[in-house]
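The values are calculated or read from the model by the stated rules, or taken from the named source; none is laboratory data. Given the structure is predicted, the values throughout are model-derived calculations rather than measurements. All Cβ positions, even for glycine, are placed from backbone atoms using ideal geometry, and neighbour counts span all protein chains on display.
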Amino acid sequence: MRFKDYTVAQVLVGLHRIGIVGLHEALRKAEETGVTGRDAIVDQAMAHLSRHNYIPDAQVDTYRIAVWREYLRGRGEDFSRFYSEVPVTVRGEAGDERDRFIGLVRGVLAELELRPMLTVTPAVGGETNPQLDIGGAAIVRGMPSYRALKQAVRQSLSDW
């Protein structure tokens, strides 16, 4: 009797961390088939995954991107082109401080495998410090440390 691998891998699908059953087995099997090209490899993996996971029709494309990203990760290849996009707004007066803040935001999001869809707007109501808005809510104001910004971003994403 052969037992299947029902290991659950936590993967970022869109902006949500999802548990996918048998992801590593599906990627291994897709590679063993000898198919080449992104679509063929993902098709093979998705066929296997759909037997053990519920994949909503509306999220098939985001799952496909996540599967490809995990395939590239497993091969040690750069997958930053396939980071999930997150809309963010940075408010603040133009200048060096806001530019440093934007760089900090980009760095934190990249570490979390997110690509900002950045909108920059002027400060509101006399606010002079830069402010980060994600999902319509102010996440942080002023120049936090890298660690504090990362924690605030993580918390905002888990609140969704």
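Points to keep in mind about this one:
- Some residue of segment 126-140 being assigned to a helix (DSSP H, G or I), in contact with a helix residue (DSSP H, G or I) (Cβ under 7 Å, 6 or more places away or on another chain) and without any contact (Cβ under 8 Å) to a residue 24 or more places away in the chain: no
- Segment 113-138 - residue that is of a type in the set (A, V, I, L, M) and modelled with pLDDT under 90 and, of those, surrounded by the most Cβ atoms within 10 Å (Cβ to Cβ): I134
- In the set S80, S158, only one residue is modelled with pLDDT under 90 and under 17 Å from L12 (Cβ atoms); that residue is S158.
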